[in-house]
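Below is one structure; the comments refer to it alone.
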């Protein structure tokens, strides 16, 4: 009876040992790691099954002896292996290192290994080493890919920042923004160019505010389609053309008609929006036309509203379309805000919502504080547009009321 019980217990222990061995082998496969022992005095080497997999070695060939291990290590990492073995033999604590091996008979498969060695003490010193070997190739490749991606991203950001710097410098050279306010006859004028937050979307918004030869003030604002250096180049051509054409003294609608023909025939595959107007400082009549641009906002006695928009098509849309001329008589203390669509358009909201915000914010503008007022207005409508740049031209009317 005792023999039967003993046999049963022995079978149970064997079963538990087999189960433990199966679980250990499974853990080694999941972690892509195995164990090895090297006995220095007997030259015996023992490997677990997973170490053969890691080295790409047929178990029939047996394990690699310690003196032959260096032959399988990448030559550039041979010194790392030497230091690891020396530390393991001389010390009493586990040591670890990472190095690469050439796996398989062809030696073409380079693998990253992490090896932890623990000295096996015996009479007279270390008699061998026990090691845990893990293949970390996948992890290191992922780390290198992440590192390379970060490097490329950093380089891309640096290039983008440099491109933005160049484009802003070019814009400044072509269209310098005045410091503070411009004081033209009977008016005070403030300008803001607001670059898009995204570097690639720096575009072709522009303005013009200058005294014409006949005494009127030329006031214009516009936006050329596209982004980057091509848009800035086309913006320069369009603005310079307007300045030249304005020397003819013709009305704003006639100037827009000529600009449209220029875009149609000289700036192919381009469209543009614009408002062009003349303000007579004596009568304070603002005669203006528009080509696909949102109408200006008039601020009077603390109230703000958009002007009624005359007919006019986008520049470059079609040839021969007439532009209507509208006139608005301004009063002392009035303020006129001209702007491109980048001020009010956002991908995340309807344009009417942006217009309402701009009209509401414009009520706070004052002619005596135009420069700071534009900064407040930009904050009130949500700050710079992430997708598109914007240009603002604010004109405050000075002087005394004249009899009608």
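Some notes on this structure:
- Considering residues of segment 299-308 that are under 37 Å from the mean Cα position of the chain (by Cα) and surrounded by 15 or more Cβ atoms within 10 Å (Cβ to Cβ) only, the residue farthest from residue 352 (Cα to Cα): 304
- The residues of segment 371-383 that are closer than 22 Å to residue 274 by Cβ and out of contact with any helix residue (DSSP H, G or I) (no Cβ under 6 Å at 6 or more places or on another chain), listed by number, are 374, 378.
- Flag if residue 366 is in contact with a strand residue (DSSP E or B) (Cβ under 9 Å, 6 or more places away or on another chain), closer than 28 Å to residue 281 by Cβ and surrounded by fewer than 17 Cβ atoms within 10 Å (Cβ to Cβ): yes
- Condition broken by residue 60, with the remaining ones in (1) outside any loop (DSSP other than H, G, I, E, B); (2) exposed (fewer than 15 other Cβ atoms within 10 Å of the Cβ); (3) under 50 Å from the mean Cα position of the chain (by Cα) satisfied: (3)
- Extreme residue, modelled with the lowest pLDDT, among residues of segment 199-217 that are more than 38 Å from the chain's Cα centre (by Cα) and either in a strand (DSSP E or B) or in the same structural domain as residue 156 (by TED's automatic domain parsing) (or both): 211
- Just one of the listed residues (81, 113, 120) is surrounded by fewer than 16 Cβ atoms within 10 Å (Cβ to Cβ) and in the same structural domain as residue 42 (by TED's automatic domain parsing), and it is 120.
- Members of segment 319-346 found to be within 31 Å of the chain's Cα centre (by Cα) and either outside any strand (DSSP E or B) or surrounded by fewer than 19 Cβ atoms within 10 Å (Cβ to Cβ) (or both), listed by number: 340, 341, 342, 343, 344, 345, 346
- Residue 349 meets each of the listed conditions (1) exposed (fewer than 13 other Cβ atoms within 10 Å of the Cβ); (2) under 27 Å from residue 216 (Cβ atoms) apart from (2).
- Hits in segment 74-98 - residues which are over 22 Å from residue 28 (Cα atoms), modelled with pLDDT of 90 or more and outside any helix (DSSP H, G or I): 74
- Residue in segment 16-39 that is more than 19 Å from residue 137 (Cα to Cα), at pLDDT below 90, touching a helix residue (DSSP H, G or I) at 6+ places or on another chain (Cβ under 8 Å) and assigned by TED's automatic domain parsing to the domain that holds residue 119 present: no
- Condition check for residue 196: crowded, with 19+ Cβ neighbours inside 10 Å, touching a strand residue (DSSP E or B) at 6+ places or on another chain (Cβ under 8 Å), part of a loop (DSSP other than H, G, I, E, B) and modelled with pLDDT under 90: yes
- Filtered by the rule that a residue be in a helix (DSSP H, G or I), over 21 Å from residue 71 (Cβ atoms) and in contact with a strand residue (DSSP E or B) (Cβ under 9 Å, 6 or more places away or on another chain), segment 99-147 gives 138, 139, 140, 141.
The values are calculated or read from the model by the stated rules, or taken from the named source; none is laboratory data. Bear in mind that the values here come from a model prediction, so they are computed numbers and not experimental data. So basically every Cβ, Gly included, is an ideal-geometry build from the backbone, and we count neighbours across all protein chains shown.
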